[in-house]
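Here is the structure we will look at.
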Amino acid sequence: MSNMVFSVIGSLDGYIADERGNFDWAYPGEEVIAFLNARSEGVTTHLYGRRMYEMMAVWETDPAATAQSPESAAFAEIWKQARKVVYSTTLEAVSTRNTQLERTFDPLAVQQIKDESDGDLYIEGPTLAAHAFRAGLVDRVEIVVVPIIVGGGTRIYPEHVRLDLELDGEQRFTNGMVHLRYRSLRSPT
């Protein structure tokens, strides 16, 4: 069985975007992108809400995104090969290959994806992840902590959810960012 991993880049005070919706402060740089590329190689499925999907779709639809650097181009190839499931009631269609559109987050259907997957599932974006946290589907939490305090904005973690975790790994980067990997103490793996 695969793991569902909540994967996120966020500020030290727990936000993915500041109060104005900006997240340019979270640009990871080449060293972090290379590390994340290596982590993504075992991921076969990405689960997104509409906003996160629209942001990530550029890796297939916008050649300028892949032209930023060799690591960006490598990430785009990894991302294009992975299966994507987008949960949205407002999106009319998806614009990328290997992508299916679902209208609702059904925990039983997501559990079936986990059971049948040859690799891990990444769930990205706090709104969608809240459903997975509440359904007890999250096996791991991976966060790249950006050395900044933004003081408010879009929170990383949903309110009223408790998940006991154990540190499973860490990686420090020269730009001051830190990757922290935790496993759920409820998880069998």
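Any read-out appearing in this document is the output of simple, stated calculations on the displayed coordinates, not a laboratory observation. The structure presented is a predicted model; accordingly, all values stated were derived computationally and were not measured. Neighbour counts are summed over all protein chains in view; Cβ atoms, including those assigned to glycine, are modelled from backbone coordinates with ideal geometry.
Observations, loosely collected:
- Cleavage-rule hits, GluC sites (Glu not before Pro), the range 63-98, DSSP coil, Cβ neighbours within 10 Å at most 12: GLU92
- Beta bridges by DSSP in the chain, antiparallel share as percent, to the nearest 5: 40 percent
- Cut-off 14 Å between beta-carbons: net charge of the residues surrounding THR44, Lys and Arg +1, Asp and Glu -1: 0
- Exposed-loop-free span, longest in the chain, where trypsin sites (Lys or Arg not before Pro) count as exposed if DSSP calls them loop and at most 14 other C-beta atoms lie within 10 Å: 21-96
- Cα gyration tensor category, rounded, prolate or oblate, for the range 1-156 with a/c compared to 1.5: rounded
- Sites matching GluC sites (Glu not before Pro) across the range 116-189 that sit in DSSP coil, with at most 15 neighbouring C-beta atoms within 10 Å: GLU159
- Label-zone membership for the range 134-160, site ASP13, 7 angstrom Cα→C-beta point, backbone N under 19 Å: 144-159
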